[in-house]
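Some notes on the structure that comes next.
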Amino acid sequence: MPSSRTTVLYLTGKGGVGKTFLAERLAAELGRLSGRVGLVSMPRASEARASAEQRHPPEIEAVALDERAALGQLLARVVGLRLVADRLLDSSTFSAVAAAAPGLRELVIVSFLEELATRDRYRFVVVDGPATGHSLALLTAPARFARLAPLGSPARRARAVSELVSDPHRFVISIVAAPEELAAREAVEGLARLREAGIAPRGVIVNGIYPELATLSESEWLASHSRHPDVKLYLARRARQLAIVEGLARDAGALEIVPRELAGTQSAATQLEELAGRFVREAEA
Amino acid sequence: MSGAAPKSAGVASLLKGRRLVFFVGEGGVGKTSCAAALALAFAARGKSVAVLTIDPAPRLGDALGLEAIDAEWRDVGHATLIRNGGRLAASRLDTKSVFDRLVTRLAPSPNAARKILDNPIYASVSGQLSGADSYMAFQQLHDLLGANDFDLVVVDTPPAAHADEILGAPARLARLLETGAISVIADPALAVARAGSKIAAFTIRWLLKALERVTGTTLRSDLADFALGFHDVVASLSERATEVTEILRSSETLVVEVVRPDARSVAVARALRSSLEIAGLTVGYTLVNRHTPPAPAEAPAPSEDASPEMLAAEARIVAAITALRLEENEAVEKLKAMLVTEGERDGRLLRLTESESGLESLDALLELGERILDSEASTEQA
């Protein structure tokens, strides 16, 4: 296996759809299949804390994004001196400008990702990204920058980042959606907005659909004959989810489905394994 | 199932002496629906209530008569409400238009207001300032509480997993003013003195130039204009936000956190709760929303004509729903344990069963609101 390339797998989508769950599980599968994997959580304070308590298998390295440190790196590159960069970081004027200036935060974060991707330390870098709107601002910042700043090392850097983000082989973006009305609508909008921005998303991963526990004919029979309220409940919820998935397939095209993990069912683990396998094959193609 | 669960008091008993109910929680937990339902049910008891929603799902928006995206207030008409002499005014937050209106009102002159509104920095700040939604919700809240037209104001907030997402934007803007950063941008010569070295000044200038390219604006001169015209406006915006924050911290406000009954959502809720605590806001009530309905007291006998395959499929499904309930109960137990360790008394947590028919009508919304207000009317799960 060629070790000279890192593939970034960037997950975005509405809050609460299970991005963190998918990122962690996919990272584990990818680690098993292809070696070392970096797992990056974007700064969403509480969720980061919630998952930090989890232990990862040895091939997974959790990479925390320290925005201040990342800004320091970017500054050091611009001014050439780490010491000056550090002093700048300590200046309250500078931090106020940095906190309020539109676009800076995005540039800092995305160049941090690029750095990870070129370090050759990982076969995959899985990014548990922020919601679609914020991700869009994040991913388009370097392209705008590179287009407009023709000279200098920061510009070269922005160009490299922009190239990475727009290369669908090295930078794979999937939108995660829950089988719910609002999340599905946001996923479709997200796809369109990414494409408008010149970024080709891989597709949508629907997370959390109830697993298929009865065949179609069994479901039909049970829906009209079963006296158990739980059976009606399950079938009604699954039917509603399937209708949303159907609508998504119409509007979004390629879909992948990861069922909800429920005790006694196997399908979630199987689907995650298969999904990771597809990511590996695509990355090596 | 172990014994009877402690009786859960509804929100109604906690509303005495409150002017404001502040809903918080992450995305997808049903915050907006719960806020609207509570407001509707309280109005149906003859009160005058205002509810500010952030981004209602299309059908909820329709039910409230908020089809259009604007900041207009609309009176919600419902038979019970009218019969009991109550009133419910509903609005959805439109960040940009609230900001525009405030600038027009707070700027020293109409001319100054126009200069601000036309400034590209303003467009960027008003639309993209992170937390702008919360910020503008605060501003609208200030007007609502100031006018004193309502017995109760119910507010939905944007999805948040950390207090900073709700309360941070005003502080950031205020900090920008306090440090004089805007004047430094306007006159980079100042940066030499402030940032401590020529290289630092150079860097700030480089950065601004780079950002001009990223944002496509002429950042520096625009910022200078912006700083001159906007300073007064931002100062009074900050003042208003501070006043609202004070009310949020006071006993006039009931903070309600909405959470889903799963382990992840509970972990997020716990972190949000403690970050709010640090900011001086205490969550006074927790709604565990979208619970799976309780199991039937007695499992019904299978159909006589069921084949072995059908029976097996039925058993698989029942087992899955049972597992789901177990997961949910475990998550809620964790949540309850947390409430106890924080010294809260029982009865400040209510489980709401997911409505299988959805909340497409005002009647369904009212029914949910009644359950939130007065849980005795609902069946609490053991």
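Brief remarks follow.
- Segments B:48-55, B:32-39 sorted - mean Cβ within 10 Å per residue, highest first: B:32-39, B:48-55
- On full extension, the segment bounded by B:A315 and B:K16 gains 102.8 nm, given 0.36 nm per residue less the C-alpha separation.
- Projecting label points 7 angstrom from Cα along Cα→Cβ for B:A147 and A:R121 puts them 5.5 nm apart.
- Between the amide H of B:K47 and those of B:R87, distances stay under 5 Å, these residues lying 5 or more places away or on another chain, with hydrogens modeled in the peptide plane.
- Cβ-defined net charge surrounding B:P308, 15 Å radius [Lys, Arg +1; Asp, Glu -1]: -4
- Charged neighbours of A:A283, selected by a Cβ distance under 9 Å, balance to +2 (K, R count +1; D, E count -1).
- Number of partner chain Cβ atoms within 10 Å, mean per residue of A:133-143: 1
- Averaged over A:215-228, number of beta-carbon atoms from partner chains that fall within 10 Å: 5
- Mean per-residue shielding of peptide A:14-20 is 4, counting Cβ atoms of other chains within 10 Å of each Cβ.
- For the chain pair A and B, the buried solvent-accessible surface (1.4 Å probe, both sides summed) amounts to about 5500 Å².
- At R0 = 56 Å, FRET efficiency that the Cβ-Cβ distance of A:L89 and B:D305 yields, to 0.05: 0.15
- Label zone at A:L242, where the point sits 7 Å out along the Cα-to-Cβ direction: segment B:301-322 residues whose backbone N lies under 19 Å: B:309-321
- Protection-proxy order for peptides A:163-174, A:265-276, each taking the mean of Cβ atoms within 10 Å per residue, highest first: A:163-174, A:265-276
- With 27 Å as the limit, the listed pairs A:K232/B:K336; A:K19/B:K31; A:K19/B:K334 have A:K232/B:K336 beyond it between alpha carbons.
- A straight line joining the Cα centroids of segment A:242-285 and segment B:32-70 runs 36 Å.
- Table column - 3J(HN,Hα) (Hz), segment B:41-53, Karplus curve with 6.51, -1.76, 1.60, x for Gly and Pro: 5, 5, 5, 5, 8, x, 9, 9, 10, 10, 10, 9, 9
The values are calculated or read from the model by the stated rules, or taken from the named source; none is laboratory data. Not measured: the values here are computed from a predicted model. Counting neighbours? That spans all protein chains shown, and the Cβs are built from the backbone with ideal geometry, glycine included. Just the protein is used for accessible areas: all its heavy atoms, side chains included, with ligands, DNA and RNA removed. Shrake-Rupley method; radii C 1.70, N 1.55, O 1.52, S 1.80 Å.
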